[in-house]
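What follows draws every value from the coordinates through simple rules; no lab data is involved. Bear in mind that the values here come from a model prediction, so they are computed numbers and not experimental data. Cβ atoms come from the backbone with ideal geometry, glycine included; neighbour counts cover every protein chain shown.
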Amino acid sequence: MMFETLLQTHIVRGVVLFLGLAVSLSAGCSSETPCVSKEECPPGARCDLYKGYCIDGCTSDRDCSTGQSCDISTGQCKTGGQCQLNAKKACEGNILYWFDSCGYKGDLIIDWAGAGCSNGACNQVQAKCGNSACEPSGGENCSTCPNDCGCQVGQICQNNKCTLSTPQTCGNQVCDTANGENCANCPNECFCQTGETCSPTGVCEAPHCPNNTCEPTKGENCATCPQDCKCPAGKICQGTQCINDPSCGNGQCEATKNENCNSCPADCKCQSGYICNASGQCSVDKSCGDGSCNPATENCSSCPKDCACITGQTCQNGSCVADCGNGVCEPAKNETCDICPKDCGCPNTQSCKGGKCINACGDGTCDPAKNENCSSCPQDCTCLASQTCQNGSCGAACGDGTCDPKKGEHCGTCAKDCACASNQRCATNKCVSCACTANQKRCNNNTLQQCKADCSGWRTQTTCDPQKNQYCDTTTKACACQSTNACTSAGSFQCVGNTRQKCINNTCLYWQSDPCPSTAPVCLGGKCVTCYPGDTRCRGLYEQETCSSDGTKWLKISCPGGRFCCSDATGASCRTNC
């Protein structure tokens, strides 16, 4: 059975992989079916690339038989079920895959290679005219790039498209060159000589295929002259163009499609001990086994003897990676949901207990992250005795119209059922009398106060300033201006005795003292002047001064001969005897 499986597998791989058969056979037999891809495993099994043989369980619908789908939570293939195969297309990297209705990846559709893939379609790339590939997505057509998109024999390029051009006279059994008939547009009447070929322009030319030169201008392409216009490795001829081989990645190494270890290493990977040479052939790696790992040609996959991974690591695609975090849960390496949750994480409806995934509901822990609440999982999320479960949340039985203190209801927790009277407020979960009527105002001496919205007491709104001629009006419940000491015109002056006052506008209009300076100490008509009009005084023995009518200055008078200036309580005057 071991030999038959290996023989069937590696005949497809080619001669070089068949040589690896002899090595495998000489190493002895085992009960496991060896594999390098999942196509080599029976239905319901998958290929463990790290162990090198088939194991039970599936990872995607591709691991199951036709009509079955993979339940990745159990690794089992199920018949029927709710997953619909090939429900939608989606990209992974540059590769387009089928996905079923449950979101599991299915068959490969096409590899877009360098163009890239997104939203289930090939990305736009800049076309390269002259690369023997007609790229309409890059704007190439028979007009913009005839080298890559040349029309077939019998066609002409018209409005950027290849169309047949047949003269009206074609069909009269005569090659009428005068009317434009030629071997391209009327091949049934305008034959070329034996060995000649008809060019796209309708000219019979000497044989040029094969001549080891691909000549698109002469109608050569991968279809008309595959000897000269052979598609490069990794591409196949479709129509008249070389496109990326969509079969690369299907697990089958197909030499007829130019697949080899260079052009498609995913399908044609060399066996351990072999390396891929420049010609795309697997050859024996003579350096493997010398005890030295040469990164240029060897890795943990191609030469595990020299490049073995250290303890705690596994070989993945030729690189040593940590066991935990490689995306594969390996119980044989003591990986469990609590030791390595990256690889062995539990589904959202389960939790990890003692290294095992168990149903989250019923594990004794209320976990909101797993959508557990008193409604969805009352076993774990029980409410208090004084509470009830309402819409997934535990709360008091509030809203039934009855204030029930036994259930924790009071004016603070359930105002609907335990509302206080209009002249009361709720304080420390009890109804108490209001200190005042909510929002009411009052004057407290010169302080204007307002009752708080919760009627718990008074708060100061503002203080009326007597210095600004204000007082608190008990009628209007606002600061008002006093009538005493009030004035009407800001900036005006008045005299109160010999004291000057100024009208100030500081919220209120009121008189404020504004003393005269020593240089003009007399207040007269709201102005500061030098003296009172008519006042007299002596200036020395022989001069008398009288205050001017506006009080702004003293007027001097000299006493006549033989008289002196004398002053008393009535004033000053010139006299003969003081």
Legend entry - Cα-projected label distance for residue 375 with residue 456, points at 7 Å along beta-carbon direction, nm: 3.5
Legend entry - Spatially proximal lysines relative to residue 407 (Cα-Cα < 21 Å; intrachain offsets below 8 disregarded): 416, 430
Legend entry - Spherically averaged projected area of the stretch 285-432 from its Cα convex hull (nm²): 14.9
Legend entry - Full-stretch length increase - residue 223, residue 502 - with 0.36 nm per residue and alpha-carbon distance subtracted: 89.3 nm
Inset, instruction - With label points built 7 Å along Cα→Cβ from the Cα atoms of residue 485 and residue 542, find their separation and express it in nm. - result: 5.4
Legend entry - Unit charges at the beta carbon, dipole of the stretch 531-578: most positive-side option, 569, 558, 531: 558
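Kindly flag which residue pairs out of 89/353; 235/305; 105/269; 218/269 have an alpha-carbon separation exceeding 28 Å in this structure.
Values: 89/353 38 Å; 235/305 35 Å; 105/269 23 Å; 218/269 39 Å.
The pairs that break the limit, which is 28 Å between Cα atoms, are 89/353; 235/305; 218/269.
Counting other C-beta atoms within 10 Å, and keeping those with at most 16, which DSSP coil chymotrypsin sites (Phe, Trp or Tyr not before Pro) do you find in the stretch 542-578? Mind dumping the intermediate values first?
On the way: sites: 542, 554, 564; in loops: 542.
Passing both the DSSP loop test and the Cβ count: 542.
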Inset, instruction - May I ask you to evaluate 6.51 cos²θ - 1.76 cosθ + 1.60, the Karplus curve with θ = phi - 60°, for each residue of the stretch 157-162 and list the ³J(HN,Hα) values in order in whole Hz, giving x for glycine and proline? - result: 8, 9, 6, 6, 10, 7
Legend entry - Charge dipole magnitude, Cβ of K and R +1, D and E -1 - the stretch 531-578, Cα centre, debye nearest 20: 160
Legend entry - Local net charge near residue 555, Cβ-Cβ under 15 Å (Lys/Arg +1, Asp/Glu -1): 0
Legend entry - Leading residue at positive end of dipole, the stretch 410-523 (Cβ point charges), from 410, 428, 491: 410
Legend entry - In nm, spacing of pseudo-spin labels at residue 406 and residue 385 (7 Å Cα→C-beta vector): 1.1
Inset, instruction - Enumerate the residues in the stretch 410-451 having an amide nitrogen under 20 Å from the point lying 7 Å beyond the Cα of residue 467 toward its Cβ. - result: 445-448
Legend entry - Hz values of 3J(HN,Hα) by residue in the stretch 206-216 - Karplus curve (6.51, -1.76, 1.60), Gly and Pro given as x: 4, x, 10, 10, x, 9, 6, 9, 7, 10, x
Legend entry - Net lengthening on full extension, residue 143/residue 446 (0.36 nm per residue, minus Cα-Cα): 99.4 nm
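For the stretch 501-565, state which trypsin sites (Lys or Arg not before Pro) are in a DSSP loop and have at most 10 other beta carbons lying within 10 Å of their beta carbon. Provide the component values of the computation, followed by the final result.
Working: sites: 502, 527, 537, 539, 553, 556, 563; in loops: 539, 553, 563.
Taking the stretch 501-565 and a limit of 10 other Cβ atoms within 10 Å, no loop trypsin sites (Lys or Arg not before Pro) are found.
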Inset, instruction - Just add up the charged neighbours of residue 401: K/R +1, D/E -1, any other residue whose Cβ is under 9 Å from the Cβ of residue 401. - result: -1
Legend entry - Derived scalar couplings ³J(HN,Hα) [the stretch 362-369; Karplus, 6.51 cos²θ - 1.76 cosθ + 1.60; whole Hz; x for Gly, Pro]: x, 8, x, 10, 7, 10, x, 5
Legend entry - Centre separation in Å (Cα based) which lies between the stretch 366-421 and the stretch 507-549: 87
Inset, instruction - Based on other C-beta atoms within 10 Å, arrange 575, 46 from fewest to most. - result: 575, 46
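Taking 0.36 nm per residue of sequence separation and subtracting the Cα-Cα distance, how much length would be gained by fully extending the chain between residue 321 and residue 429, in nm to one decimal?
Numbers: separation 108, 0.36 × 108 = 38.88 nm, distance 6.22 nm.
Result: 32.7 nm gained on full extension.
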Legend entry - Debye intensity ratio I(q)/I(0), log10, the stretch 531-578, q values 0.16 Å⁻¹ (C-alpha model): -0.39
